[in-house]
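**Q** Okay, handing you the structure first.
The values are calculated or read from the model by the stated rules, or taken from the named source; none is laboratory data. Because the structure is predicted, anything quoted here is derived from the model rather than measured. Here the Cβ is made from the backbone with ideal geometry for all residues, glycine too, and neighbour counts use every protein chain on show.
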Amino acid sequence: MSAPLLASVLFPMPVPEPFDYLVPEGQSVSKGMLVMAPLGTRTARGVVWSVRPLEAKDKTRKLKAIKQVLPLPPLAHSSLDFVDFVARYCCHLQGVVLRMMLSTPDALRPSPTETRYGPREVSELRMTPARTKVLAVAQGGHYSASELARRANVSPGVIKSLCDAGGLIATRRDVDRPFAPPNPEKTGLNLTPIQLDAAKALIGLVEKNKFAAALLDGVTGSGKTEVYFDAIAAALKQDAHAQILVLLPEIALTQDVLARFARRFGAPPAEWHSERTAPQRRRVWREVFHGRARIVVGARSALFLPFANLRLIVVDEEHDGSYKQEEGVLYHARDMAVARAKFAKAAIILASATPALETMRNARLGRYAHIRLPARPGSAVLPPISTIDLREHPPQSGRWLSPPLIEAIDQTLKQDEQCLLFLNRRGYAPLTICRACGAKIQAPDSATYLVEHRYSGRLICHLTGYSIPKPAACPTCGAKDSLHPIGPGVERLSEEVTALFPQARIEIFSSDTAKTAEEVRTLIARMERGDIDILIGTQMAAKGHNFPHLTLVGVVDADMGLHGADLRAGERTYQTLAQVAGRAGRADKPGRAILQTHQPDHEAILALCSGVRETFIDAELSLREDMGFPPFGRLAALIFSAPSEQEAQNAARDFVAAAPIVEGVDVWGPSEPPLGRVRGRWRRRLLLRAEPQIDLSAMISAWRTRVKLPKNIRLKVDIDPYSFL
Ligand SMILES: [Zn+2]
């Protein structure tokens, strides 16, 4: 008889660690298996985290036994290691991170089945016009009863009676269909010699069959996607069970992009993002878990899918700010993707036209292979970027376009070409002020100003979504018609452009005008067809859309992102403006980009105009090095929130008082953040800076166990913060 075993089981719920259970005699249990085990008064599903022989010290413990081992393959060890890592690194509960992986419990059961009907040969069948229509449709394929009735345009009763009469045969099949396998032998577009070299380098990386990382550094339109497609094909060829994950910013996950995958590999990839329905998620999760979904294209949470044999990860637009998860477990999907690849001993490709400074430094240090794609294929070039100094060419009072930019728009329209005016501000005006008493209209529960949206007639808090109809009188002093908009949003800009170019067809592209994926698609299609002359867009318009007739990009306020005091202000401005400028011009039509700015000598603006990115990166990196900021040091933010300002302040102060003295760690704060109050809760922030060799996560976790916070205090730990509000 073998020695009794003890299994640690982690449950996908807010628990800090696994619990111990006895393994029933004769039961075979191993790491990664899904089991049912007693938890309190009920039985819960969990994952076996480790198994060891029962020791003498365990004999006195009252251990319960595992109830059932679910008849499923175990989760890959690399997935378990990844959960451990994310929980430790992000200072969050292990069980909560596991819950992110087991996000779709329905997928653990077999697929539901459905009945479908097809034609059957019978000699004696009384025919009616309705039955004839049904049989005609059924000749073309098997359908469910409701689908068959809909397609034949008959009542469901016709289907039933036809079935009873023997004219239709019913078959059952799984609702969740397997994904068609991709075909790695299918050839892609013809690559240029430079692209071929880049593809070869990436294929070499994949063929190492171990952890290896590369930065695929290519300007907009240089063919990055086609190049990493070759690496995906190589991974598929090398291992008949290889799985590939391609991460994209949610906003870039368009049908257009998915169709490119389908064309290249002969089958659509599995899709994972927030707009997927529950049945679609269930199907993807199950197929990924069983190793049958080979290519997954998804937003950041796809990183937590339970891959059976992950061989390659691609993080496209790796610099994109949306990879940072700002709710729940705060993680950066790019950084976590590198960890996921390490645990899976897989290759990872980070692709960008404007790589993050952290990534650039890793490439310069040789930790990542640096693969460059310098130019667009063929004759196309990146558009020239120039500035308009707003100090010399101010717009008219209450207007936002300077005379030289208006002139450029006019020229473009006369050539029958399109303009994009970029202003990353939704609504009509970011601030509403009372001219009688000077009050600024604020949200009642957050330290934010309400933004006027004139189309909807409301004042909206962009942080929480709180909104009120625009009041007729000042809420503070009661003065009538005294509320005055300050500053521009896209709606106000549209008003100005309409007055200047009354003949032009003008549209706004923002999350207010294009709320769903379908609305985005429609708007993009109309722009591509040339149904729009001037597109006024927020961030949404900056990403990845290729408009063949767009030759002028005007950035209305290039300084907007530079006002922020956070360490990435310059970097983010550079990335956003480079991306939006890259929308102008294509192979046969050269374009240009014009930036309106008060700071034409800012490093980021100079680098954009000169086209020499390296000078900007050098300047930013040396600044960060002087400050000891990432990537030369570590940062973490601790955010305390409480129902009252005093409680938030006290909690943060008491926490600081208990700070461990660690050499090489600075503790700054508590300070009142720009967002001092959110949804009625008052906030205080601490910022921690540490030397790179210090394990800041471990230090914070230990620190937290030493301080007992009052029940009404919430503490959020943000390792590598991107938001400083
Ligand atoms: Zn007033």
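**Q** What number goes with the only condition from (1) closer than 30 Å to Leu162 by Cβ; (2) at pLDDT 95 or above that Ala76 does not pass?
**A** The single condition Ala76 does not satisfy is (1).
**Q** Inside the stretch 148-166, can you point out the residues that are modelled with pLDDT of 85 or more, outside any helix (DSSP H, G or I) and not aliphatic (A, V, I, L, M)?
**A** Asn153, Ser155, listed by residue number.
**Q** If Val497 meets every condition in (1) in contact (Cβ under 8 Å) with a residue 40 or more places away in the chain; (2) within 16 Å of the ligand (Cβ to nearest atom) apart from one, which number is that one?
**A** All conditions pass for Val497, except number (2).
**Q** Out of all the residues in the stretch 307-329, which are surrounded by fewer than 22 Cβ atoms within 10 Å (Cβ to Cβ) and outside any strand (DSSP E or B)?
**A** Ala308, Asn309, Gly321, Ser322, Gln325, Glu326, Glu327, Gly328, Val329
**Q** For the stretch 286-293, indicate whether the set of residues that are over 23 Å from Leu34 (Cβ atoms) and either free of Cβ contacts under 8 Å to residues at least 12 places away in the same chain or in contact with a strand residue (DSSP E or B) (Cβ under 8 Å, 6 or more places away or on another chain) (or both) is non-empty.
**A** No; the residues of the stretch 286-293 include none that is over 23 Å from Leu34 (Cβ atoms) and either free of Cβ contacts under 8 Å to residues at least 12 places away in the same chain or in contact with a strand residue (DSSP E or B) (Cβ under 8 Å, 6 or more places away or on another chain) (or both).
**Q** Could you check how many residues of the stretch 146-162 are surrounded by 18 or more Cβ atoms within 10 Å (Cβ to Cβ) and touching a strand residue (DSSP E or B) at 6+ places or on another chain (Cβ under 7 Å)?
**A** The total comes to 3.
**Q** Within the stretch 440-454, is there a residue that is closer than 28 Å to Leu725 by Cα, in contact with a Pro (Cβ under 7 Å, 6 or more places away or on another chain), within 14 Å of the ligand (Cβ to nearest atom) and not in a loop (DSSP other than H, G, I, E, B)?
**A** No, the stretch 440-454 contains no residue that is closer than 28 Å to Leu725 by Cα, in contact with a Pro (Cβ under 7 Å, 6 or more places away or on another chain), within 14 Å of the ligand (Cβ to nearest atom) and not in a loop (DSSP other than H, G, I, E, B).
Rundown of residues vs (1) outside any strand (DSSP E or B); (2) within 16 Å of the ligand (Cβ to nearest atom); (3) aliphatic (A, V, I, L, M); (4) modelled with pLDDT of 95 or more, yes/no style:
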site: Leu463; (1), (2), (3), (4): yes, no, yes, no
site: Ile468; (1), (2), (3), (4): no, yes, yes, no
site: Gly478; (1), (2), (3), (4): yes, yes, no, no
site: Ala504; (1), (2), (3), (4): yes, no, yes, yes
site: Val520; (1), (2), (3), (4): yes, no, yes, no
site: Arg526; (1), (2), (3), (4): yes, no, no, no
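**Q** Give the residues of the stretch 421-438 that are crowded, with 21+ Cβ neighbours inside 10 Å and within 16 Å of the ligand (Cβ to nearest atom), sorted by residue number.
**A** Correct list: Thr432 only.
**Q** Check off (1) assigned to a loop (DSSP other than H, G, I, E, B); (2) touching a His at 6+ places or on another chain (Cβ under 8 Å) for Lys186 and give me the number that stays unchecked.
**A** Result: Lys186 passes all but (2).
**Q** Among helices (runs of 4 or more DSSP H) lying entirely in the stretch 578-696, which contain 1 or more residues that are more than 23 Å from Asp566 (Cα to Cα)?
**A** In the stretch 578-696, the matching helices (runs of 4 or more DSSP H) lie at 603-610, 645-657.
**Q** Out of the stretch 519-577, which residues are within 20 Å of the chain's Cα centre (by Cα), under 19 Å from Ile388 (Cα atoms) and of a type in the set (A, V, I, L, M)?
**A** Within the stretch 519-577, just Leu577 meets the criteria.
**Q** While we're looking at this one, here's another question. Evaluate the stretch 539-556: report whether one residue or more is free of Cβ contacts under 8 Å to residues at least 40 places away in the same chain and either among the charged types (D, E, K, R) or assigned to a helix (DSSP H, G or I) (or both).
**A** Checked against the condition, which is being free of Cβ contacts under 8 Å to residues at least 40 places away in the same chain and either among the charged types (D, E, K, R) or assigned to a helix (DSSP H, G or I) (or both), the stretch 539-556 yields no hits at all.
**Q** Turning to a different aspect of this structure: In the set Leu216, Leu253, Leu248, which member is closer than 26 Å to Met101 by Cα and either in contact (Cβ under 8 Å) with a residue 60 or more places away in the chain or surrounded by fewer than 18 Cβ atoms within 10 Å (Cβ to Cβ) (or both)?
**A** Leu248
**Q** Sticking with this one: What are the residues in the stretch 1-49 that are hydrophobic (A, V, I, L, M, F, W, C), buried (at least 18 other Cβ atoms within 10 Å of the Cβ) and within 18 Å of Ser103 (Cα to Cα), if any?
**A** The answer is Val9, Leu10, Phe11, Met33, Leu34, Val35, Val47, Val48, Trp49.
**Q** I need a count of the residues in the stretch 37-95 that are β-branched (Val, Ile, Thr) and part of a helix (DSSP H, G or I).
**A** Of the residues in the stretch 37-95, 2 are β-branched (Val, Ile, Thr) and part of a helix (DSSP H, G or I).
**Q** Then there is this: State which residue is modelled with the highest pLDDT when the search covers only the stretch 528-549 and only residues that are small (Gly, Ala, Ser) and in contact with a helix residue (DSSP H, G or I) (Cβ under 6 Å, 6 or more places away or on another chain).
**A** Across the stretch 528-549, the extreme among qualifying residues is Ala542.
**Q** Pull up the stretch 52-85, narrow it to residues that are of a type in the set (Val, Ile, Thr) and under 19 Å from Val15 (Cα atoms), then point me to the one that is surrounded by the fewest Cβ atoms within 10 Å (Cβ to Cβ).
**A** Looking at residues that are of a type in the set (Val, Ile, Thr) and under 19 Å from Val15 (Cα atoms), I get Ile66.
**Q** Taking Arg685 and the conditions (1) in contact (Cβ under 8 Å) with a residue 24 or more places away in the chain; (2) out of contact with any Gly (no Cβ under 6 Å at 6 or more places or on another chain), which numbered condition does it fall short on, given that it satisfies the others?
**A** Here Arg685 clears every test but (2).
**Q** Answer with yes or no whether Arg116 is free of Cβ contacts under 8 Å to residues at least 60 places away in the same chain and buried (at least 18 other Cβ atoms within 10 Å of the Cβ).
**A** It is true that Arg116 is free of Cβ contacts under 8 Å to residues at least 60 places away in the same chain and buried (at least 18 other Cβ atoms within 10 Å of the Cβ).
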